[in-house]
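Engineer: Supplied in structure tokens, the structure appears directly below.
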């Protein structure tokens, strides 16, 4: 509401003309004209038509802010509010809201397909009604239509080029258990990072790696950072010059001048698609689907590429200096197995790192 300063009147003694003028002015202030009333009604109507959309996401703040600014410019009738946290914190928040009532967000945009499979099975996600996935790569699309991936985010080995010579850099997951890397490794915490939890389950269920590899990795005593962001910064700073981290953070830091580079492991890279879905409890499903459609649009995916992500559609290119998706060996495990075994894999990982 706009408040106007209260008019101040001064009535000179014996000035009847001034009294009459003041009376007219008071009436004018007390009774708005038809035009001003119509304008006020129009403004109130316009304000009431703005939909507030709440998004829970693990996207870095500056990246989600850029996406939201572009979305709201294209959709001025929708105001986006964001709660940003790591996947572990988001999961805890959602569980608390379910216990006390309804989930308070409209959109979940985070983590991996395994996380979304769990929410789908619990009935927490609404089936998408009007989101076009025809231009997306197959790996990004849930066949049952409850969520959709928004970018391809492989996990890679990264190393500090000022500390580690290229000839000595690890080229595979198997290389990381070599004693030469003892005390030099850093990784994100799977109890906090959705990508790290997904990776733990992929590694545990991979025939080339499995539980033995995870236990052997623990013998090299990796530093466990809270999430992928601090992991990448630790590698770039050289404190622990070799690490396991999502690839776009390596590109971000290298582009800013840090001595860091990525290696796509020879056994293949686990990857997440950072899906987006609409909560069944949402009262703003139409607006929520418009938001997801924007993430998948050519404009939204071009923003993703500019933010150093690999896209989920092939008509927008890839970040500069990035291998083509077809040239990256990706691990493609059974999603049901990874989903069902994720908690056990995280427990195994945590025990191995103690």
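Engineer: Would you pick out the residues in region 80-107 that are touching a helix residue (DSSP H, G or I) at 6+ places or on another chain (Cβ under 8 Å) and in a loop (DSSP other than H, G, I, E, B)?
Structural biologist: 85, 86, 103, 104, 105, 106
Engineer: Listed residues 232, 207; which is part of a loop (DSSP other than H, G, I, E, B) and assigned by TED's automatic domain parsing to the domain that holds residue 170?
Structural biologist: The match here is 207.
Engineer: Give the residue that is farthest from residue 315 (Cα to Cα), with candidates limited to residues of region 145-155 that are part of a loop (DSSP other than H, G, I, E, B) and in contact with a helix residue (DSSP H, G or I) (Cβ under 7 Å, 6 or more places away or on another chain). Don't jump to the end; show me each part of the working.
Structural biologist: Going through region 145-155, the residues part of a loop (DSSP other than H, G, I, E, B) turn out to be 145-147, 150-151.
Those still in the list that are in contact with a helix residue (DSSP H, G or I) (Cβ under 7 Å, 6 or more places away or on another chain) too: 146-147, 150-151.
Values: 146: 24, 147: 21, 150: 14, 151: 13 Å.
Step by step, filter region 145-155, then rank; the result is 146.
Engineer: Hey, another quick one. For region 73-116, give me each residue that is more than 24 Å from residue 154 (Cα to Cα) and under 17 Å from the mean Cα position of the chain (by Cα).
Structural biologist: 80, 81, 82, 83, 92, 93, 94, 105, 106 - these are the residues of region 73-116 that are more than 24 Å from residue 154 (Cα to Cα) and under 17 Å from the mean Cα position of the chain (by Cα).
Engineer: Provide a single number: the residues in region 302-313 that are touching a residue at least 60 places away in the same chain (Cβ under 8 Å) and assigned to a helix (DSSP H, G or I).
Structural biologist: Selection size over region 302-313: 2.
Engineer: Tally the residues that are closer than 17 Å to residue 275 by Cα and under 21 Å from the mean Cα position of the chain (by Cα), restricting the search to region 136-174.
Structural biologist: Applying the first criterion (closer than 17 Å to residue 275 by Cα) to region 136-174 yields 136-155.
Next cut, under 21 Å from the mean Cα position of the chain (by Cα) only: 136-142, 145-155.
Counting residues in region 136-174 that are closer than 17 Å to residue 275 by Cα and under 21 Å from the mean Cα position of the chain (by Cα) gives 18.
Engineer: Picking from 197, 158, 110, 191, which residue would you name as being touching a helix residue (DSSP H, G or I) at 6+ places or on another chain (Cβ under 9 Å), surrounded by 22 or more Cβ atoms within 10 Å (Cβ to Cβ) and at pLDDT below 95?
Structural biologist: Unique residue meeting the criteria: 197.
Engineer: I would also like to ask the following. Please state which of the following conditions residue 345 fails to meet, knowing it meets all the rest: (1) touching a helix residue (DSSP H, G or I) at 6+ places or on another chain (Cβ under 6 Å); (2) modelled with pLDDT under 95.
Structural biologist: Going through (1) touching a helix residue (DSSP H, G or I) at 6+ places or on another chain (Cβ under 6 Å); (2) modelled with pLDDT under 95 one by one, residue 345 breaks only (2).
The values are calculated or read from the model by the stated rules, or taken from the named source; none is laboratory data. The shown structure was predicted, so the numbers you read here are calculated from the model rather than taken from an experiment. Every residue, glycine among them, receives a Cβ derived from its backbone with ideal geometry; neighbour counts consider all protein chains shown.
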